[in-house]
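Structure first, then comments.
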Amino acid sequence: MTLYIDADACPVKAEAEQVATRHKVQMMLVSNGGLRPSRNPYVETVIVPDGPDEADKWIAERAGPADVVVTGDIPLAAKCVAAGAQVLRHNGEPFTEANIGQQLAMRDLMADLRAADPFRQGGGRAFSKSDKSRFLNALETAMRKASQRG
């Protein structure tokens, strides 16, 4: 079992490291660079080549039924769900076979709305303590499910 973190702009790296260490599971922090390597023996920092979606491709090629993936990238989540991995957003919301199609459709709709109105402002809400707490609970659950598959 491996815990894969799509590490660019991930606000829960430290929390994921705590859970990986408690479970004694290898954690892969995957990014295009700019991350300080961890001294934790369970954490490996993977630097992929520059380019669009290189980190996503790296994770998608490796994630499987006994793994957990943390990402905010919906197309990556879809690939990992299809591969059988447990997949979570940074706020703990799971991506599943039951909801990934709707998530992809909503992503495409929002992209179309932004393209139609270049002055459209706004975005998501701020990341909160309750999001971190929900993430930690969801990651514990996902790790248990993945270990049963492995």
Considering each residue of the range 1-54, count those that are in a loop (DSSP other than H, G, I, E, B), in contact with a Phe, Trp or Tyr (Cβ under 6 Å, 6 or more places away or on another chain) and either under 26 Å from GLN148 (Cα atoms) or of a type in the set (Gly, Ala, Ser) (or both), and give that number. 1
Out of (1) surrounded by 22 or more Cβ atoms within 10 Å (Cβ to Cβ); (2) closer than 29 Å to MET106 by Cβ, the odd one out for LYS57 is which? (1)
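Here is a yes/no grid of residues against (1) over 21 Å from PHE135 (Cβ atoms); (2) charged (D, E, K, R):
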{"residue": "ALA14", "(1), (2)": "no, no"}
{"residue": "SER31", "(1), (2)": "no, no"}
{"residue": "PRO37", "(1), (2)": "yes, no"}
{"residue": "GLU54", "(1), (2)": "yes, yes"}
I'm trying to understand the selection: among the residues of the range 40-95, which are in contact with a helix residue (DSSP H, G or I) (Cβ under 8 Å, 6 or more places away or on another chain) and aromatic (Phe, Trp, Tyr)? TYR42, PHE95
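So how many residues does the range 85-102 have that are in a loop (DSSP other than H, G, I, E, B) and either under 18 Å from ASP53 (Cα atoms) or within 14 Å of the chain's Cα centre (by Cα) (or both)? Spell out the reasoning first.
The first filter runs over the range 85-102 and keeps only residues in a loop (DSSP other than H, G, I, E, B), leaving 85, 89-93, 96-99.
Retained after the next criterion (residues that are either under 18 Å from ASP53 (Cα atoms) or within 14 Å of the chain's Cα centre (by Cα) (or both)): 85, 89-93, 96.
Of the residues in that region, 7 qualify.
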Filter the range 57-79 for residues that are within 18 Å of ALA16 (Cα to Cα) and in a helix (DSSP H, G or I); which is modelled with the highest pLDDT? ILE59
Any idea which residue in the range 1-40 is surrounded by the fewest Cβ atoms within 10 Å (Cβ to Cβ), counting only those that are in contact with a Ser or Thr (Cβ under 9 Å, 6 or more places away or on another chain) and free of Cβ contacts under 8 Å to residues at least 12 places away in the same chain? ARG36
So for the range 95-112 (the condition being at pLDDT below 95, closer than 23 Å to VAL25 by Cα and crowded, with 19+ Cβ neighbours inside 10 Å), does at least one residue qualify? yes
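The values are calculated or read from the model by the stated rules, or taken from the named source; none is laboratory data. It should be emphasised that the depicted structure is a prediction, and the values quoted were computed from it without experimental measurement. Don't worry about glycine lacking a Cβ; one is built from the backbone with ideal geometry, like all the others, and counts go over all protein chains shown.
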